[in-house]
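Down below is the structure, laid out as structure tokens.
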Amino acid sequence: MKRIRMTHDLSNLAALAPLAREITVRGVSHDDDRDALGALLYLAYLGGPDQEENNPDEGRREIDRTIDGAYGPFIASASFVASDPEGVVGASLVTRFEELPLLAHLIVHPRIQRRGLGAALALRSLEALAAHNERVARLAVHPESPARGLYARLGFVEA
Ligand SMILES: CC(C)(COP(=O)(O)OP(=O)(O)OC[C@H]1O[C@@H](n2cnc3c(N)ncnc32)[C@H](O)[C@@H]1OP(=O)(O)O)[C@@H](O)C(=O)NCCC(=O)NCCS
């Protein structure tokens with residue numbers, strides 16, 4: 001399935017909305033987070049138009065591919081994990097693909113979707129990239145993905 005490429009001009013970032021108090025955001029701990037992120041990735045895409053993983057182990061393998069360089073070098077300084085008291089609930093994972101930063105995965109646990117966490121994580125990543133003097137970020141999205149509206153709202157345009 002062909003994905004739609006979107007780009008973001010990092011000189012023009014939306015304002016960051018505050019997060020719910022019980023949610024904390026931190027960097028990715030390369031080894032300790034992988035199982036939780038794999039389970040989260042599987043659950044986030046489950047039943048959606050671009051589901052490719054059929055269980056948490058396949059989710060874990062996709063996380064390994066992302067962190068270990070299958071989509072270009074992982075940019076740890078622009079990648080974030082969100083947790084609430086029950087565990088890991090979101091992540092934005094950024095790599096450098098064909099020279100430019102790529103939002104490789106933006107995932108939020110279904111139990112707290114549509115409360116602003118996806119936008120907040122994406123913006124954290126974009127702000128971190130801008131702070132490191134990157135000018136543009138990219139992503140690729142499935143044409144039927146509900147995330148397209150979110151990305152447009154954040155300032156991504158189809159490229
Ligand atoms: C995309 C995703 C990260 C958004 O996280 P989120 O925390 O729900 O995002 P926010 O609450 O910040 O923004 C929600 C917006 O996303 C869009 N959206 C997310 N889920 C949607 C759904 N099921 N149906 C319609 N729109 C949806 C809407 O634009 C929505 O805005 P609205 O609630 O005002 O209508 C999350 O839905 C997810 O993990 N999806 C599965 C993985 C995925 O598709 N990732 C993107 C791959 S490119």
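The values are calculated or read from the model by the stated rules, or taken from the named source; none is laboratory data. Just so it is clear, the structure is predicted and the values come from calculations on it, not from any experiment. Glycine also receives a Cβ, built like all others from the backbone with ideal geometry; neighbour counts cover every protein chain displayed.
Residues that are touching a strand residue (DSSP E or B) at 6+ places or on another chain (Cβ under 8 Å), assigned to a helix (DSSP H, G or I) and within 11 Å of the ligand (Cβ to nearest atom) within segment 89-127 comprise ARG111, ILE112, LEU117, GLY118, ALA120, LEU121, ALA122, listed in sequence order.
Residue-wise test of (1) in contact with a Cys (Cβ under 7 Å, 6 or more places away or on another chain); (2) at positive phi; (3) acidic (Asp, Glu).
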{"position": "VAL25", "(1), (2), (3)": "no, no, no"}
{"position": "VAL28", "(1), (2), (3)": "no, no, no"}
{"position": "GLY72", "(1), (2), (3)": "no, yes, no"}
{"position": "SER77", "(1), (2), (3)": "no, no, no"}
{"position": "VAL88", "(1), (2), (3)": "no, no, no"}
{"position": "GLU99", "(1), (2), (3)": "no, yes, yes"}
{"position": "ALA104", "(1), (2), (3)": "no, no, no"}
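Taking first residues from segment 146-159 that are part of a helix (DSSP H, G or I) and partners that are more than 6 Å from the ligand (Cβ to nearest atom), the Cβ contacts under 6 Å between residues at least 6 apart in sequence or on separate chains come to TYR151/MET6; LEU154/ALA14; LEU154/ALA122. Inspect segment 17-33 for any residue being free of Cβ contacts under 8 Å to residues at least 40 places away in the same chain, away from the ligand (no atom under 12 Å from the Cβ) and aliphatic (A, V, I, L, M) and give the result as yes or no. No - not one qualifying residue is present in segment 17-33.
Considering segment 149-159, and only residues there that are near the ligand (Cβ under 8 Å from one of its atoms) and surrounded by 14 or more Cβ atoms within 10 Å (Cβ to Cβ), the residue that is farthest from HIS8 (Cα to Cα) turns out to be LEU150. Within segment 128-140, residues that are under 21 Å from ILE107 (Cα atoms) have Cβ atoms under 7 Å from residues that are away from the ligand (no atom under 13 Å from the Cβ) and of a type in the set (Gly, Ala, Ser) in these pairs: ALA128/SER77; ALA128/ALA78; LEU129/ALA78, counting only partners at least 6 apart in sequence or on another chain. Does SER77 satisfy the condition of being touching a residue at least 24 places away in the same chain (Cβ under 8 Å), away from the ligand (no atom under 15 Å from the Cβ) and among the small types (Gly, Ala, Ser)? Answer is yes for this residue.
Just one residue in the set ARG65, ARG138 is surrounded by fewer than 22 Cβ atoms within 10 Å (Cβ to Cβ), modelled with pLDDT of 95 or more, basic (Lys, Arg) and under 13 Å from the mean Cα position of the chain (by Cα); that residue is ARG138.
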